[in-house]
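Chemist: First, the structure itself, so that you have it in front of you.
Every number here is computed from the coordinates shown, using simple stated rules; none is lab data. Only a predicted model underlies this, so the values are computations on that prediction, with no experimental measurement involved. Reconstructed Cβ throughout: ideal geometry from the backbone, glycine too, with neighbour counts over all protein chains shown.
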Amino acid sequence: MTSVKEPPATNKPPVWKISAWRSMYPGMWSWVLQRLSALALIVLFPIHVMNPYIDSVRITMLLLVVWHAMHGIKVILTDFGFPDRHQRKLFWVLCVLGIAAFFWLAYMHTEYWRFMA
Amino acid sequence: MNEEVRVSEDAQLSEGTPESGAHEEPVPEKEEPEEKAEKRPTVRVRIRRGGAAGDPEERFDSFEIETGPRMTVLDALVAVQSAQEPALSFRYSCRVGMCGTCALKVNGRPAWACRTRLEGLGDEITLEPLTNFPVLRDLAVDMSPFFAKMKRARGWLEPTSAAEKAPALIAPGSRERKRIEPHIECITCGICYASCSIVGHDSDYLGPAALNRAYTLVNDSRDALGLERLLEVCTEDGAWRCHSQYNCTESCPKGISPTGAIKGLKRRAVTGGVKRFAASIFRGRAPGE
């Protein structure tokens, strides 16, 4: 097997080192948390489908879906020309809207189940 | 080995006080001012060393320096090099934020050494070479991968025949100029490239600076490479690799938004593709024929 010439060693802190995460800005957190929420949803969704009556799973899924959607909306808006200089504000505004949406939907959800019962 | 406290005289150079005499001959034996001289605050500078072929052991060396008002990280580095560690390697040129040569990581975030003041950085300042670049030695990095990608994105103007004959008239208020304007001030310091996590993940990714440059040229009516350049940069390792994390935008010292440029390239690729597809339907031929 022929050996491939090694590229010059690039200065890159490994992901498990805190120094690799210190330079993260809100936009990066938005992306990381959106990815993590997607992974969590992949795990939770089959559980939810198998047994839709677990309250903790339902509420967690609601939280994750809202979070995932809010940051998806951020990317869509910026993709379609939302001014970049306001992207940080957009992040915080969507965070606040997401939290509000979560509580409102959670409230509606509890009311719905109370009504159904 | 360098942990001992040695105070640099060069720290005084940045003060600009009459006593400092930056451009005068050193005045010997001035006893009175020395006695009166009050103790200046000191900071500890932790500098990542090594990484070169002759000095492979990577480590942090600490140096204590006296600070003065308006002192920058570059002043601190010069002070360390001239008074404590002559072998310290770092790169700088203009000292006034024009060339972008002195980019490094200050307390974990990429910045220009010459435009970053010590005030507000704390009592211990950590200096590291830029991420995503091969380290030549200490704080000096090899910029060649960065410029190779600039070349791959064809970061130069290929003039149209009309532009070669006569100077183009592009009005300041025109749509073309307004599109290019916010992206044109790049001085290729590499800070966006160092802050981009996607460059760290995919070494073939063109990176924010090259894509930003491509965006200015794709929108330039004097440029003849238009579609060819767009196809070159809108690939898996080009604009489509960007995940809109905005690290480059947040860290650019010139206030440029390479993420915005990349999004502009994506929009252009999509609208161009849709137009060609629509045209092909009407013509009854496959796109590109």
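Chemist: Take the Cβ-Cβ distance between B:ARG267 and B:PHE60 as r, set R0 to 45 Å, and report the resulting FRET efficiency rounded to the nearest 0.05.
Modeler: 0.50
Chemist: Right, here's the next one. What nm value, rounded to one decimal, do you get for the distance between A:HIS86 and B:SER280 when each label is placed 7 Å out toward the C-beta?
Modeler: Calculated label separation equals 3.7 nm.
Chemist: Per 10 Å bin, what percent of the C-alpha pairs of segment B:197-289 does each bin hold, from zero upward?
Modeler: Result returned by the calculation: 17, 43, 28, 10, 2.
Chemist: Cα-Cα over 30 Å: which of B:LYS165/B:LYS266; A:LYS12/B:LYS263; B:LYS105/B:LYS151?
Modeler: B:LYS165/B:LYS266
Chemist: Please list, ordered by chain and number, the residues whose modelled amide H lies under 5 Å from the amide H of B:ARG95; skip anything fewer than 5 residues away on the same chain.
Modeler: Placed amide hydrogens put nothing under 5 Å from B:ARG95.
Chemist: Pull out the extension gain between A:VAL93 and A:ALA38, defined as 0.36 nm times the separation in residues minus the alpha carbon to alpha carbon distance; nm, one decimal.
Modeler: In short, 17.7 nm is gained.
Chemist: Let me ask something additional. If I take R0 = 41 Å and measure r between the Cβ atoms of A:ALA9 and B:MET98 in this structure, what FRET efficiency does the formula 1/(1 + (r/R0)^6) give, to the nearest 0.05? Working shown, then result.
Modeler: Values: r = 30 Å, r/R0 = 0.74.
That pair, A:ALA9 with B:MET98, gives E of 0.85.
Chemist: Here is a further query. Give the long-range amide H neighbours of B:GLU158: residues separated by 5 or more places, or on another chain, with amide H under 5 Å away, using H modelled in the peptide plane at 1.01 Å from N.
Modeler: B:ALA224, B:LEU225
Chemist: Mind pulling up the Rg/Rh value for segment A:32-116? Radius of gyration and Kirkwood radius, both on Cα.
Modeler: Details: Rg = 14.9 Å, Rh = 14.1 Å.
In segment A:32-116, Rg relative to Rh is 1.06.
Chemist: Okay, next question. Per residue of chain A, what 222 nm ellipticity follows from adding -39500 (n - 2.57) for every DSSP H run with n ≥ 4, rounded to the nearest 500? Walk me through the numbers on the way to the answer.
Modeler: Details: 3 runs with 80 residues, N = 117.
For chain A, the value works out to -24500 deg cm²/dmol.
Chemist: Under a cut-off of 20 Å between alpha-carbon atoms, report the lysines in cross-link reach of B:LYS39, not counting same-chain residues fewer than 8 places apart.
Modeler: Correct list for B:LYS39: B:LYS30.
Chemist: Another question, then. Please compute the average number of Cβ atoms from other chains found within 10 Å of each residue's Cβ in peptide B:47-59.
Modeler: The mean count of partner-chain Cβ atoms within 10 Å per residue comes to 0.
Chemist: For segment A:32-116, what relative contact order do you get, as a whole percent, if you take Cα pairs closer than 8 Å and at least 6 residues apart?
Modeler: Numbers: 42 pairs, mean separation 25.1, N = 85.
Reported as a whole number, the value is 30 percent.
Chemist: Continuing with this model, one more query. Take chain B, drop everything but the C-alpha atoms, weight them equally and run the Debye formula without solvent; then report log10 I(q)/I(0) at 0.12, 0.13, 0.15 Å⁻¹ to two decimals.
Modeler: Results for chain B at q = 0.12, 0.13, 0.15 Å⁻¹ read -0.84, -0.93, -1.11.
Chemist: Ok, one more. Could you compute the net charge surrounding A:LEU90? Neighbours are other residues with a C-beta less than 13 Å from the C-beta of A:LEU90; K and R count +1, D and E count -1.
Modeler: Numbers: positive: A:LYS74, A:ARG85, A:ARG88, A:LYS89; negative: A:ASP79, A:ASP84.
In short, +2.
Chemist: In whole Hz and in residue order, list the ³J(HN,Hα) couplings for segment B:40-55 that follow from phi through the Karplus curve 6.51 cos²θ - 1.76 cosθ + 1.60, θ = phi - 60°; x for Gly and Pro.
Modeler: Karplus-based 3J(HN,Hα) across segment B:40-55 equals 8, x, 10, 10, 9, 9, 9, 10, 6, 10, x, x, 8, 4, x, 9 Hz.
Chemist: Normalised by the residues of segment B:214-289, what does the relative contact order come to in percent, with Cα pairs under 8 Å and at least six apart?
Modeler: 23 percent
Chemist: May I ask for the net charge around B:CYS252, where only other residues with Cβ less than 14 Å from the Cβ of B:CYS252 are counted and Lys, Arg are +1 while Asp, Glu are -1?
Modeler: Taking every other residue near B:CYS252 into account, the sum is +3.
Chemist: If I stretch the segment between A:ILE59 and A:ARG114 completely, what's the gain in nm (0.36 nm per residue apart, minus their alpha carbon distance), one decimal? Please list the in-between numbers first.
Modeler: Values: separation 55, 0.36 × 55 = 19.80 nm, distance 1.52 nm.
So the extension gain works out to 18.3 nm.
Chemist: Normalised by the number of residues in segment B:144-283, what is the relative contact order in percent for Cα pairs under 8 Å and 6+ residues apart?
Modeler: It comes to 28 percent, rounded to a whole number.
Chemist: Between B:ARG117 and B:ASP204, what's the calculated FRET efficiency when r is the beta-carbon distance and R0 is 45 Å? Round to 0.05.
Modeler: Efficiency for this residue pair is about 0.75.
Chemist: Related question: Taking loop as defined by DSSP and a crowding limit of 10 other beta carbons within 10 Å, which chymotrypsin sites (Phe, Trp or Tyr not before Pro) in segment A:6-64 fit? Provide the component values of the computation, followed by the final result.
Modeler: Working: sites: A:TRP16, A:TRP21, A:TRP29, A:TRP31, A:TYR53; in loops: A:TRP16, A:TRP21, A:TYR53.
Passing both the DSSP loop test and the Cβ count: A:TRP16, A:TYR53.
Chemist: Considering the Cα positions of the protein assembly as shown, please state its Rg to one decimal place and its Dmax as a whole number of Å.
Modeler: 26.7, 94
Chemist: Per-residue ellipticity at 222 nm for chain B, helices alone: DSSP H runs ≥ 4 residues times -39500 (n - 2.57), over residue total, nearest 500 deg cm²/dmol?
Modeler: Dividing the helical sum by the residues of chain B leaves -9500 deg cm²/dmol.
Chemist: Something else now. Long-range amide H contacts for B:ARG49: which residues qualify at under 5 Å (H placed 1.01 Å from N, peptide plane, sequence gap of 5 or more or a different chain)?
Modeler: Long-range HN contacts for B:ARG49: B:ARG59, B:PHE60, B:ASP61.
Chemist: So if I restrict to the alpha-carbon atoms in segment B:65-192, what is the Rg, and what is Dmax, the biggest pairwise distance, in Å?
Modeler: Gyration radius and largest Cα-Cα distance of segment B:65-192: 19.1, 59 Å.
Chemist: Something else about it: Which one, B:PRO159, B:PRO258, B:SER195, is farthest towards the positive end of the dipole of segment B:144-283 when Lys and Arg carry +1 and Asp and Glu -1 on their Cβ?
Modeler: Farthest towards the positive end: B:PRO159.
Chemist: May I ask you to compute the full-extension gain from B:LEU169 to B:GLU228, defined as 0.36 nm times their residue separation minus their alpha-carbon distance, rounded to one decimal in nm?
Modeler: Full extension from B:LEU169 to B:GLU228 adds 18.9 nm.
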